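The values are calculated or read from the model by the stated rules, or taken from the named source; none is laboratory data. Because the structure is predicted, anything quoted here is derived from the model rather than measured. Note that each Cβ is placed from the backbone with ideal geometry, even for glycine, and that neighbours are counted across all protein chains shown.
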Amino acid sequence: MSPAGEGPLPTSMRTDRCGTLDAADAGRQVALCGWVARRREHGEHLAFVDLRDRSGVVQCVVDGASELRSEFVVRVTGTVRLRPEGTHNPDLDTGEVEVGDCTVEVLNPAEPPPFPLTDRVDADEVLRLRHRYLDLRRQRMQRNLEVRARVSSALRSAMERHGFLEVETPLLWVPTPEGAREFVIPARLQPGSFYVLPQSPQLAKQLLMVGGLDRYYQMARCLRDEDLRADRQFEFTQLDLEASFVDQGDVLDVVSDAVLDATEAVTSERPEAIPRLSWSDAMERFGSDKPDLRAGPELVELGAVFADTNFRAFAGAPCIKGLRVPGRGDLGRGRLDALTDAAKGLGAKGLVWLRVGDADALESPVAKFLSDEERAGLVTALGAEPGDLVLVVADERRTAQTVLGQLRLDLGRPPVSEGPYRFTWVVDFPLFEGLDGQGRPIPAHHAFTMPHPDDLDRLESDPLSVRSQSYDLVLNGWELGSGSIRVHRADVQARIFATLGIDEAEAEARFGFLLGAFRYGAPPHGGFAVGLDRLVAILAGEDNIREVIAFPKTQSGVDPLTGAPAPVAPRLLADLGVRVLPPRA
Ligand code: ASP
């Protein structure tokens, strides 16, 4: 990535940026502005002052610098010169040069910061967020926000290149039927009524398609009142898009192009074309609908190997799946017992482990129950080698998949942010993810997702077998976003509502405005949303999206800097017609 802080200079106060000076500038008279990052005395009157701005740091040699303290804001004028032989600093982009004969003007003194503004800061997170403006001065944070801007700019360019039009949609909105808990805002002019902050612009963008906008995008702020985690904040940003007269492949192509552009803009390398996995293959091969392709070998079907087994735990099991864990045959009994407990905690009846020894001998409490052919078949099917650990789960198919999928991650997954960048599409999700308490199907995406055309005739007779035209984008095991081709025909929509147990009156009450619009010529359409925060976090090498958001909330949803959320004056509440009840016990 090229250095930060490009763009036109000089301004009235400075000629250059600190981090851009190099040997070619030697002899130039410069004026720099920034913060004192560090001051080291050199003899009685001389000091080395590291001056920092967004672009980086340069060493200034200053006479009589005694009044300069860390984080003072200064303007330095002086002459760039090569550092003497042997004093180069290879850790600094500007390490070959320094600024000499300096005159320093203090633009503003500063109090000492409450924590050191170095890259490796182990200050408490609340303290960092309370003084986020200082935390942001750290090079790591500056770089992260620069990566964010770069990603966002690459995504926008890709959208515009593909003919998408940027349109803003309202923040004061109505509930969106996507399942997340929403933030509600009291309406002062209609006491007792509320706006809802959009969990996504889903309905608005579909209305834009009815409105003939054809190809829409937006860097949309979305709000969801859900528990915060490493990959989730109350508010987040997504590249939201929708297009008319497209099929699934068209949407996947455009989004692929955009995210590969964004990755290339940060890493200078374009990842390979994004593979497409069906949901059922993802579950079979990785035991997850957001597979991390980096996390070692895939799960292997072992039903054929144990078809005639006498081993009771395997005989008659609906599904037998195995996982090879390369080189982990050295795991001790304690660790293996813990893995077995973990497998049971995830719902498996048990876990069989086998260590692969020399000449493919298998060491395991259950090895004696397996025939020679079964032992050899197992090693061959998994491609196991001496020193490997082999794990086997015999259970219901979904349980065997998800349990081994999780153990695969636990044992083989590099940190999410560690390259390489392995994108994958997961397509052909089931339309419904299961049945609710009343035996009704639960939509896996949302109720406006178009069923797979080949499965439409089973919508009423066998709804759980119906695939949808929805798709997820996954990067290194993180879901980066999802989308679908939408239902645009009233007859198909009515059948889906009927399957979900939503009658006409309820559909009208909940989504009447959308269904109404659809009666006036809705084009076939579909779209997608890419989570910007997650994409940026991974590309910036961060495991938590808070590190790539300028002003995030803590895990408990608080902003220690501003104090939000905070009570408001009783008069304000009265204007809104709102009364606050004591907290629920
Ligand atoms: N509205 C969906 C979401 O926010 C994305 C989409 O289907 O376009 O996940």
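When the stretch 192-214 is limited to residues that are over 15 Å from T169 (Cβ atoms) and not hydrophobic (A, V, I, L, M, F, W, C), the one that is surrounded by the most Cβ atoms within 10 Å (Cβ to Cβ) turns out to be D214. Scanning the stretch 517-556 for residues that are surrounded by fewer than 16 Cβ atoms within 10 Å (Cβ to Cβ) and either among the charged types (D, E, K, R) or touching a Cys at 6+ places or on another chain (Cβ under 9 Å) (or both) yields R519, D543.
Applying the set (1) away from the ligand (no atom under 15 Å from the Cβ); (2) of a type in the set (A, V, I, L, M, F, W, C); (3) closer than 26 Å to D257 by Cβ to M159 leaves exactly one unmet item: (1).
Restricting the search to the stretch 228-247, which residues are within 12 Å of the ligand (Cβ to nearest atom) and farther than 14 Å from V530 by Cα? Listed by number, the list holds a single entry, A243.
Per the conditions (1) touching a residue at least 40 places away in the same chain (Cβ under 8 Å); (2) under 14 Å from A26 (Cα atoms), the sole criterion not satisfied by P113 is (2).
For A343, indicate whether it is part of a loop (DSSP other than H, G, I, E, B) and surrounded by 15 or more Cβ atoms within 10 Å (Cβ to Cβ).
Details: part of a loop (DSSP other than H, G, I, E, B): no; surrounded by 15 or more Cβ atoms within 10 Å (Cβ to Cβ): yes.
So A343 fails the test.
Quickly run through the stretch 478-488 and pick out the residues that are near the ligand (Cβ under 10 Å from one of its atoms) and of a type in the set (V, I, T).
Filtering the stretch 478-488 for residues near the ligand (Cβ under 10 Å from one of its atoms) gives 479, 481-486.
Selection gives I485 alone.
Restricted to strands (runs of 3 or more DSSP E) entirely inside the stretch 227-328, those with at least 1 residues that are of a type in the set (K, R) and either closer than 30 Å to E166 by Cα or within 18 Å of the chain's Cα centre (by Cα) (or both) are 276-278. The residue pairs whose first member lies in the stretch 193-204 and is of a type outside the set (S, T, N, Q), whose second member is within 7 Å of the ligand (Cβ to nearest atom) and modelled with pLDDT of 95 or more, and whose beta carbons are closer than 7 Å, counting only pairs six or more residues apart or on different chains, are P198/C222; P201/D240.
With respect to the stated conditions, G179 fails to be more than 16 Å from the ligand (Cβ to nearest atom) and either touching a Cys at 6+ places or on another chain (Cβ under 6 Å) or not in a strand (DSSP E or B) (or both). Which numbered condition in (1) away from the ligand (no atom under 16 Å from the Cβ); (2) assigned to a helix (DSSP H, G or I); (3) closer than 22 Å to P441 by Cβ; (4) in contact (Cβ under 8 Å) with a residue 40 or more places away in the chain is the only one that D491 fails? Among (1) away from the ligand (no atom under 16 Å from the Cβ); (2) assigned to a helix (DSSP H, G or I); (3) closer than 22 Å to P441 by Cβ; (4) in contact (Cβ under 8 Å) with a residue 40 or more places away in the chain, D491 violates only (4).
Going through V62, V106, V99 one at a time, which residue ends up being crowded, with 19+ Cβ neighbours inside 10 Å, modelled with pLDDT of 95 or more and among the aliphatic types (A, V, I, L, M)?
Working: V62 fails: modelled with pLDDT of 95 or more; V106 fails: crowded, with 19+ Cβ neighbours inside 10 Å.
So the residue among V62, V106, V99 that is crowded, with 19+ Cβ neighbours inside 10 Å, modelled with pLDDT of 95 or more and among the aliphatic types (A, V, I, L, M) is V99.
Checked against the criterion of being within 23 Å of G383 (Cα to Cα) and not hydrophobic (A, V, I, L, M, F, W, C), the candidates G329, G316, G345 yield just one match: G329. In the condition set (1) away from the ligand (no atom under 16 Å from the Cβ); (2) in a helix (DSSP H, G or I); (3) of a type outside the set (S, T, Y), G434 is compliant with all but (2). Test L370 against the stated conditions and say whether it is under 41 Å from the mean Cα position of the chain (by Cα) and either within 20 Å of R397 (Cβ to Cβ) or surrounded by 13 or more Cβ atoms within 10 Å (Cβ to Cβ) (or both). So L370 does not fit the description; no. Every test in (1) surrounded by fewer than 16 Cβ atoms within 10 Å (Cβ to Cβ); (2) modelled with pLDDT of 95 or more is passed by L21 save one, and that test is (1).
Residues that are touching a helix residue (DSSP H, G or I) at 6+ places or on another chain (Cβ under 9 Å) and within 11 Å of the ligand (Cβ to nearest atom) within the stretch 197-215 comprise P198, P201, L203, Q206, listed in sequence order. Of the residues examined, A550 is not one that is over 27 Å from V184 (Cβ atoms), in contact with a helix residue (DSSP H, G or I) (Cβ under 9 Å, 6 or more places away or on another chain) and not basic (K, R).
For residues that are outside any loop (DSSP other than H, G, I, E, B) and within 16 Å of the ligand (Cβ to nearest atom), scanning just the stretch 445-461, find the one that is surrounded by the fewest Cβ atoms within 10 Å (Cβ to Cβ). Don't jump to the end; show me each part of the working.
Kept after step one, since they are outside any loop (DSSP other than H, G, I, E, B), are these residues of the stretch 445-461: 449, 451, 453-458.
Right, trim to within 16 Å of the ligand (Cβ to nearest atom) and you get 449, 451.
Details: T449: 22, P451: 24.
By that ranking, first place goes to T449.
Of the residues L260, L277, which single one is at pLDDT 95 or above, within 26 Å of D214 (Cβ to Cβ) and of a type outside the set (D, E)? Write out each step before concluding.
Details: L277 fails: within 26 Å of D214 (Cβ to Cβ).
Going through L260, L277 in turn, the sole match is L260.
For the stretch 393-414, which residues satisfy the criterion of being small (G, A, S) and closer than 30 Å to E542 by Cα? G405, G412 - these are the residues of the stretch 393-414 that are small (G, A, S) and closer than 30 Å to E542 by Cα.
Please tell me if V390 is in contact (Cβ under 8 Å) with a residue 12 or more places away in the chain and touching a helix residue (DSSP H, G or I) at 6+ places or on another chain (Cβ under 7 Å). In short, yes. The set of residues in the stretch 314-330 being under 15 Å from V352 (Cα atoms) and either free of Cβ contacts under 8 Å to residues at least 24 places away in the same chain or surrounded by fewer than 19 Cβ atoms within 10 Å (Cβ to Cβ) (or both) consists of A315, C319. Contact map, the stretch 231-249: residues that are in contact (Cβ under 8 Å) with a residue 60 or more places away in the chain and crowded, with 19+ Cβ neighbours inside 10 Å paired with residues that are basic (K, R) and part of a strand (DSSP E or B), Cβ distance under 7 Å, separation 6+ or inter-chain. Pairs shown: T237/R221; A243/R215. Restricting L514, L464, L475 to residues that are over 23 Å from P175 (Cα atoms) and within 16 Å of the ligand (Cβ to nearest atom) narrows the list to L475. Contact map, the stretch 21-40: first residue closer than 16 Å to S55 by Cβ, second residue in a helix (DSSP H, G or I), Cβ cut-off under 6 Å, separation 6 or more or different chains; pairs are L32/C18; G34/C18.
Within the stretch 494-511, the set of residues being in contact (Cβ under 8 Å) with a residue 40 or more places away in the chain and either farther than 17 Å from H446 by Cβ or within 15 Å of the ligand (Cβ to nearest atom) (or both) comprises just one member, F511.
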